[in-house]
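Some notes on the structure that comes next.
Read-outs throughout are calculated quantities, based only on the coordinates presented, and are distinct from any laboratory measurement. Small disclaimer: the values here were computed from a predicted structure and weren't measured. Positions of Cβ are generated from backbone atoms using ideal geometry, with glycine treated the same way; all protein chains shown enter the neighbour counts.
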Amino acid sequence: MISSKPALTLEDAKRIATAAEAEAMRNNWGVVIAVVDDGGHLLYLQRNHTTPFGSVETAIAKAYAAIAFQRPTKASEDAVMAGRLIHLALPGVIPAEGGVPLIVNGTMVGALGISGVRSPQDGQIAAAGLAALT
């Protein structure tokens, strides 16, 4: 029997990014928005022209970490802040808020990564993007 599972489409990624961008613009924050599929492969990327290019790889890494570890990157940030430094040694972990898994009907279909402002602000933008998926 062939099973079917939900998949993240380019249209979904654009809708998520549009919602994230709207939250960033409301606050006058320049960020990079990265959306990856369930294998961690980049599906969509946009960068505000005022955002340092170093944030590009960070946004992608946050999205990748969120899907690879199947939890928001804030979980690793909180663990490190609580003294569980082993998280710093795990390959691919980004201990900074702003990466969130994208879940449809209980299935992880991809992840969103935001970088460019302070960690809680990246998280706020990611939450706005995540809300557009539902």
Around residue 31 (Cβ within 15 Å, Cβ-to-Cβ, excluding residue 31; K/R +1, D/E -1) the net charge comes to -1
With N residues in the stretch 8-134, Rg(alpha-carbon) / (2.2 N^0.38 Å) equals 0.95
Restricting to aspartates and glutamates and to Cα separations under 19 Å from residue 5, and discarding same-chain partners fewer than 8 apart, the set is 37, 38
The rounded separation in angstrom of the Cα centers of the stretch 5-71 and the stretch 84-124 is 10
Here the net charge surrounding residue 74, from other residues whose Cβ is less than 15 Å away from its Cβ (Lys, Arg +1; Asp, Glu -1), is 0
The extension gain from residue 28 to residue 80, computed as 0.36 nm times the residue separation minus the Cα-Cα distance, is 15.8 nm
Ordering 114-125, 74-85 by per-residue average of other C-beta atoms within 10 angstrom, highest first, gives 114-125, 74-85
Charge tally for neighbours of residue 55 with beta carbon under 13 Å away, counting Lys, Arg as +1 and Asp, Glu as -1, is +1
Sorted on mean Cβ neighbours within 10 Å (highest first), peptides 6-16, 60-70 come out as 60-70, 6-16
